[in-house]
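See structure below.
The values are calculated or read from the model by the stated rules, or taken from the named source; none is laboratory data. Every value quoted in this text rests on a predicted model; they were computed, and no experiment measured them. Please note: Cβ atoms are built from the backbone with ideal geometry, for glycine as well, and neighbour counts cover all protein chains shown.
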Amino acid sequence: MQDPEGEQRDENGTHAADASSRAKAFKRGARKVRATREAAWNQDAGRYLRGMKPFLIRWFCTTIAVAMAVKLTGMSAESVTSLVCTALFLGIINAFIRPVLLLLSLPFILVTLGFFILVVNALMLWFAGGIVPGFHVGGFWNAFFGSIVVSIVSWALSAVFKDSEGHYQILTHHGQIKQVQGKVIE
């Protein structure tokens, strides 16, 4: 439709040029919103992946440690998949079941001066051998010596990996030594 001055108008009576500029502005705004959402999602994904990195490193270390234990003791694994699944399962049971067992066996741990922790670790590895298909533990003593190998190798591998700042992380990493201030009470 045209107005008395000959300019093009839409059905609402606004100029066509105004409508097209508003449509372009809307598209630009929609693109900005989409870009902002994508940036936020990428930032969240980056945060998620950074949070997963320590877990993946520990899983890798445990997998290598279980593989070394299989080579050095009488245990057997049918495939790499069974090693990876065993390491994942060990991580899960060490996170949820082992603390309860350590708490329940605290009197034995105290009486044996900590030696019973090796027995608990052996039981966890023996349990994993019974649950994970393709991973076989020959008996308690294989599990006992295998748990010692897993502990030593995973500790050594964890000590080698770098932290997020690119520094080698040996056992524990503190950014700086903190000064302690206090008063001496006489």
Q. Does at least one position in segment 60-77 carry a residue that is over 21 Å from Gly138 (Cα atoms) and modelled with pLDDT of 65 or more?
A. yes
Q.
Restricting to segment 147-168, name every residue that is farther than 30 Å from Phe127 by Cα and either modelled with pLDDT of 55 or more or aliphatic (A, V, I, L, M) (or both).
A. Lys162, Asp163, Glu165
(Q) Just to be sure I understand the filter: pairs with C-beta atoms under 7 Å, separated by 6 or more residues or on different chains, first member in segment 74-86 and surrounded by fewer than 18 Cβ atoms within 10 Å (Cβ to Cβ), second member part of a helix (DSSP H, G or I). Which pairs pass? (A) Gly74/Asn142; Ser76/Val70
